[in-house]
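> Please read through the structure below; I'll follow up with questions.
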Amino acid sequence: MMLHIGCHLSASKGYLHMGREALSIGANTFQFFTRNPRGGSAKALDEKDVAAYLDFAAANGIGTVLAHAPYTLNGCSADPAIRDFATRTMLDDLRRMEHTPGNLYNFHPGSHVGQGIDAGVEQIAAMLNAILWPEMRTTVLLETMAGKGSEVGGRFEELRAIIDRVELSNHMGVCLDTCHVHDAGYDIVGDLEGVLEAFDKVIGLNRLKAIHVNDSKNPVGARKDRHEKLGEGCIGLEALVRVVNHPALRELPFLLETPNELDGYAREIAVLKERYA
Ligand code: FE
Ligand code: FE
Ligand code: ZN
């Protein structure tokens, strides 16, 4: 079994460029923002670039990749215009992703901004019910969050509650971010087994489709969400090596979102490959 490992890359030069860049740093997957992370309009899809990328990916063993929605989208804002913008943007992203079928689309569930978790959960599910369609070939992932401010998704129960309300939930999964779950209070350093048991009981490990591998600048339960380089934060390299090697996780795609340039990512990828047993 080969480690499925990559990092966040800039999408500004297109798909083929990302594929080449991934290979150049020893990766066989990658993550990218579907558009400017602050929102705004997407570049027109370059069909020739997509076709060239699909050939390149098949020839070079690049597997499932992860598209990340702009993190400013908020499907559970108290402002209906902001919810509507999130809905329209995500639908546009999902339609574009049909050009690269079989991949993953990850998003931050949102912030309920004082409406309460229950209202947030209802609004996020309503958005998903408005945009998913039966024949879609992308799996939509809810990211586990650090629970800072009024973020929805800091508890596994909240993600489960969203999935339970989505009619086409066969298209739904979860992306576990190691920094976020740690900051949310799940002790992946001292009790990875217990955290995964809780995930399985509440959500089901069958829903887990990708892992964001990040160290954290803050201690467990800090609810901060500040990523750190592997081994330089409060999680530490050994705990992250256990995540990558865990029997329930080891075949998933692992994406680094650490504060690095390409050379730093290449080093972290090499370390995790080296430690993949
Ligand atoms: Fe994220
Ligand atoms: Fe993340
Ligand atoms: Zn984060």
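> Open to solvent by less than 40 Å² (accessible area, probe 1.4 Å), away from ligand 3 (no atom under 16 Å from the Cβ) and touching a His at 6+ places or on another chain (Cβ under 6 Å): is that true of L132 in this structure?
yes
> Report yes if some residue within the range 98-118 is part of a helix (DSSP H, G or I) and of a type outside the set (S, T, Y); otherwise report no.
Within the range 98-118, one or more residues are part of a helix (DSSP H, G or I) and of a type outside the set (S, T, Y).
> Collect the residues in the range 108-126 that are in contact with a helix residue (DSSP H, G or I) (Cβ under 6 Å, 6 or more places away or on another chain), away from ligand 2 (no atom under 16 Å from the Cβ) and open to solvent by less than 10 Å² (accessible area, probe 1.4 Å), keeping them in residue-number order.
Within the range 108-126, V121, I124, A125 meet the criteria.
> Let me ask something additional. Name the one entry in A239, A248 that is within 30 Å of H171 (Cα to Cα) and away from ligand 3 (no atom under 16 Å from the Cβ).
A248 is the lone residue from the list that is within 30 Å of H171 (Cα to Cα) and away from ligand 3 (no atom under 16 Å from the Cβ).
> Now, a different point. Output the residue which, of all residues in the range 206-229 that are under 25 Å from D164 (Cβ atoms) and more than 12 Å from ligand 2 (Cβ to nearest atom), is surrounded by the fewest Cβ atoms within 10 Å (Cβ to Cβ).
Ranking the qualifying residues of the range 206-229, first place goes to N206.
> Of all residues in the range 170-205, how many are more than 16 Å from ligand 3 (Cβ to nearest atom), of a type outside the set (A, V, I, L, M) and open to solvent by less than 30 Å² (accessible area, probe 1.4 Å)?
Selection size over the range 170-205: 5.
> Would the range 172-188 turn up any residue that is away from ligand 2 (no atom under 16 Å from the Cβ) and part of a strand (DSSP E or B)?
Yes, the range 172-188 has at least one match.
> Would you confirm, using the coordinates I've provided, whether E167 is open to solvent by less than 10 Å² (accessible area, probe 1.4 Å) and among the charged types (D, E, K, R)?
Spelling it out, it is not the case that E167 is open to solvent by less than 10 Å² (accessible area, probe 1.4 Å) and among the charged types (D, E, K, R).
> Could you say whether any residue in the range 225-239 is out of contact with any Phe, Trp or Tyr (no Cβ under 8 Å at 6 or more places or on another chain), within 16 Å of ligand 1 (Cβ to nearest atom) and outside any strand (DSSP E or B)?
Yes, some residue in the range 225-239 is out of contact with any Phe, Trp or Tyr (no Cβ under 8 Å at 6 or more places or on another chain), within 16 Å of ligand 1 (Cβ to nearest atom) and outside any strand (DSSP E or B).
> Hey, any hits in the range 82-89 for a residue that's within 16 Å of ligand 2 (Cβ to nearest atom) and either in contact (Cβ under 8 Å) with a residue 12 or more places away in the chain or in a loop (DSSP other than H, G, I, E, B) (or both)?
No, the range 82-89 has no match at all.
> Sticking with this structure for a sec: Could you tell me which residue of the range 1-36 is least open to solvent (accessible area, probe 1.4 Å), considering only residues that are closer than 28 Å to L91 by Cβ and of a type in the set (D, E, K, R)?
Taking the candidates together, the pick is R35.
The values are calculated or read from the model by the stated rules, or taken from the named source; none is laboratory data. Keep in mind that this is a model prediction, so the values were computed, not measured. For neighbour counting, all protein chains shown are included, and Cβ atoms are generated from backbone atoms with ideal geometry for every residue, glycine included. With ligands, DNA and RNA removed, areas are computed over all heavy atoms of the protein, side chains included. Shrake-Rupley method; radii C 1.70, N 1.55, O 1.52, S 1.80 Å.
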